[in-house]
Each structure stands twice: as structure tokens, then as C-alpha cells.
Amino acid sequence: MTKAPNGEFIFEQPYRNNVWRVQLCSFGGNDRVSLWPWFKDADGALQPCNPKYIRNGLQMPPERLWELGEAITAAKAEIDSSGA
């Protein structure tokens with residue numbers, strides 16, 4: 001997907017009882033890319049998991065995205081070459 005406005009998710013993947021979302025955000029005045037689990041509340045709306053209780057999210061500076069992209073591309077190439 002193309003760049004989304006700050007705070008809107010740009011990718012999501014359901015996993016177990018959560019939905020993992022990638023979104024652009026700002027933390028401490030710095031732009032960040034966030035990978036964080038969300039859960040469905042009692043009304044079925046997605047809410048971010050509280051970092052006080054769930055500490056398995058990730059925030060990174062956008063400058064490192066190219067490295068992450070290269071790692072994902074290499075992993076996909078390995079999977080494709082192994083026939084998995």
C-alpha cells in the first residue's frame with residue numbers, strides 16, 4: 001500500500017485473537033512505524049492492546065524500513081526457492 005496519513009493502518013494481519021497492524025505514527029515528536037497488536041472490544045471494534053499489559057509491539061524509525069523490506073524480500077526468496 002502507499003503511504004497512509006499519520007495514524008491510519010497500512011497493513012494488517014490477523015493472528016490468534018489479535019490483528020497486527022502496521023501504521024505510521026509519531027512518538028515523542030519523532031515519526032515512527034508501529035507494528036502493534038489490536039483486539040476486538042465488547043462491541044467488536046478494534047482497539048490497540050494496552051502496552052501496560054501487552055509489551056510485544058514494535059516501533060521503529062522510518063529510515064530503517066528499507067532494511068526490513070530487504071529482510072522480508074530475502075525471506076520470501078528463500079521460501080520460494082525451497083518450494084515451501
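Out of every Cα pair in the range 9-82, what percent are spaced more than 14 Å from each other?
It works out to 68 percent of all Cα pairs.
Test of understanding: what is the full-extension gain from M60 to F39, defined as 0.36 nm times their sequence separation minus their Cα-Cα distance?
That pair, M60 and F39, stretches by 5.4 nm at full extension.
The numbers here are math on the coordinates, done by the rules we state, and not lab data. What you are looking at is a predicted structure, and each value in this text was computed from that prediction instead of being measured.
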